[in-house]
1. Residue pairs, Cβ under 6 Å, 6 or more apart or interchain, first in the stretch 128-145 and small (Gly, Ala, Ser), second part of a helix (DSSP H, G or I) and buried (at least 17 other Cβ atoms within 10 Å of the Cβ). List them.
2. Among the numbered criteria (1) in a helix (DSSP H, G or I); (2) loosely packed, with under 13 Cβ neighbours inside 10 Å, which single criterion is violated by residue 224?
3. State which residue pairs qualify: first residue under 18 Å from residue 237 (Cβ atoms) and inside the stretch 194-206, second residue among the charged types (D, E, K, R) in any location, beta carbons under 8 Å apart, and separation of 6 or more residues or different chains.
4. Looking at (1) closer than 22 Å to residue 280 by Cβ; (2) in a loop (DSSP other than H, G, I, E, B), which one does residue 262 not meet, given that it meets all the others?
5. Hey, any hits in the stretch 209-221 for a residue that's more than 23 Å from residue 178 (Cα to Cα), within 35 Å of the chain's Cα centre (by Cα) and either among the basic types (Lys, Arg) or surrounded by 15 or more Cβ atoms within 10 Å (Cβ to Cβ) (or both)?
6. Take residue 89 and decide whether it is among the small types (Gly, Ala, Ser) and free of Cβ contacts under 8 Å to residues at least 12 places away in the same chain.
7. Considering each residue of the stretch 4-40, count those that are part of a loop (DSSP other than H, G, I, E, B) and of a type in the set (Lys, Arg), and give that number.
8. Just to verify a result, which residue in the stretch 44-94, among those that are in a strand (DSSP E or B) and at pLDDT 80 or above, is surrounded by the most Cβ atoms within 10 Å (Cβ to Cβ)?
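The values are calculated or read from the model by the stated rules, or taken from the named source; none is laboratory data. Keep in mind that this is a model prediction, so the values were computed, not measured. Cβ coordinates were reconstructed from backbone atoms using ideal geometry, including for glycine residues, and neighbour counts include every protein chain displayed.
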Amino acid sequence: MGNATCGVPDCERQRHGRHQYCKLHYSRWVRNGHTDRVAVYRSACEIEGCGKPHLSRGMCPMHYRRWKFNGDPNVVRKVRDQGVCYADACPSKAESFGLCGLHYRRMRTYGSTDLPPREVAPCSVDACVTATVSLGLCNKHYRRLRAHGADGLTKGDPRVCGREGCDGPFYAQDLCRRHWSEGYRARNRVRIAQHSSRRRQRAGAGMTEQEIMEALEYRLLIAGGPCAYCGSPSDTVDHIEAVHVGGTDRWTNLAAACQSCNSSKKTKSPLEFMLWRLSRSEGARRVDSARQPSGAV
């Protein structure tokens, strides 16, 4: 035990356990039968003009990386100086190999920064050309299938309101929308009152007494007039700029509206709401024309 160094000449490492060699020379002795270093034969890179030893797939490390991230071992793509992803029209910051995280994952998965073309079949419901999501149905019809079953795909839920004497269409909890809303308001009177109070405070913030009186007089003036959006008789007063986005109760922000338009408008501006109505009407016309027979006049 006096000599604790490796038994190989010119090696000053400590011995490995009870053996006369250090860990390095002991592993060589176990693997090769002697302590000399054995040269590992490695074939050359298959790329023309490159004599470097190969790493994988017959290519050296350099050409292998080029093939892995560019799809071609002879293509060299340099990262821009400002560190921006080199994929076409991508302003994101480069994270790895000159690519952003999204295009890097695509390159690792598909061998290219572009998504491979994917064929998507249309919805199996007649006159619906929307792409399928699951079970051969688009997102809308898939939700209908989950909620109402196969009978509700095209006509909605065939059930009617469970309240005696009411034939309204089913909405929730075996009730139509009107009776369900009545029950909800009855169960949440305090919550609805608190919400209305907070809404009135937001809408009337910063208004003087004169402005409040002007708003009340204007409400009485436009009551029962035509709807500002569709022209039908109005039964509500709409905030042109919604209270949720900062609108107030001043008379300049009030307009007569029917219940349907008031509910559909939500937080949209008048221009956004009219464009939305126009797009829905054009979509309905396209569906109607698609459902008509080709020979119909």
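1. Sorted first by the residue in the stretch 128-145, then by its partner, the pairs are 134/142.
2. Against the list (1) in a helix (DSSP H, G or I); (2) loosely packed, with under 13 Cβ neighbours inside 10 Å, residue 224 comes up short only on (1).
3. From the stretch 194-206, the pairs are 200/249; 203/249; 204/249.
4. So the condition that residue 262 fails would be (2).
5. Within the stretch 209-221 (the criterion being more than 23 Å from residue 178 (Cα to Cα), within 35 Å of the chain's Cα centre (by Cα) and either among the basic types (Lys, Arg) or surrounded by 15 or more Cβ atoms within 10 Å (Cβ to Cβ) (or both)), the answer is no, since none of the residues qualifies.
6. Answer is yes for this residue.
7. Selection size over the stretch 4-40: 4.
8. Restricting to residues being in a strand (DSSP E or B) and at pLDDT 80 or above, the top hit is 59.
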